[in-house]
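Here's the structure, in structure tokens; my notes come after.
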Amino acid sequence: MIPNRAVASAHETTVIAKTDGTTLRGLGIREDAQAVSLSGPEGTVADVPKAQIKARTKEKISIMSEEMADTIPRDQLRNLAEFLTASPGSSGK
């Protein structure tokens, strides 16, 4: 499976360049007036204070690596692909 073949906009990778020069990539999962939270490919969550964000962009790629796709059983991978390509709020069916 090629994770980047078709990624719904809600599942695009968010890239945050911080004021300290570091860059974070992940799926945007929360945002409030003070911070943005990203979920990384390992399942870790990074909370980034907005005061530390220099720039924020989106990439039309998945945070799932091609190698990760090789470790998931075929039926679960199909369900995952259906979920990732569905519009936000739809059941994916």
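When you go through Ser62, Ser91 one by one, which is the residue that is part of a loop (DSSP other than H, G, I, E, B), modelled with pLDDT under 75 and open to solvent by 50 Å² or more (accessible area, probe 1.4 Å)?
Going through Ser62, Ser91 in turn, just one is part of a loop (DSSP other than H, G, I, E, B), modelled with pLDDT under 75 and open to solvent by 50 Å² or more (accessible area, probe 1.4 Å): Ser91.
Here is a check on your reading of the model: is Ala10 modelled with pLDDT under 85 and either open to solvent by 40 Å² or more (accessible area, probe 1.4 Å) or of a type in the set (Val, Ile, Thr) (or both)? If you could, list the steps in order and put the result at the bottom.
Details: modelled with pLDDT under 85: yes; either open to solvent by 40 Å² or more (accessible area, probe 1.4 Å) or of a type in the set (Val, Ile, Thr) (or both): yes.
Yes.
Would you mind telling me which numbered condition in (1) farther than 24 Å from Glu82 by Cα; (2) in a strand (DSSP E or B) Asp20 fails?
With (1) farther than 24 Å from Glu82 by Cα; (2) in a strand (DSSP E or B) applied to Asp20, the lone miss is (2).
The values are calculated or read from the model by the stated rules, or taken from the named source; none is laboratory data. Computed from a predicted structure; not experimentally measured. Accessible surface is based on the protein model in full, side chains and every heavy atom, while ligands, DNA and RNA are left aside. Shrake-Rupley method; radii C 1.70, N 1.55, O 1.52, S 1.80 Å.
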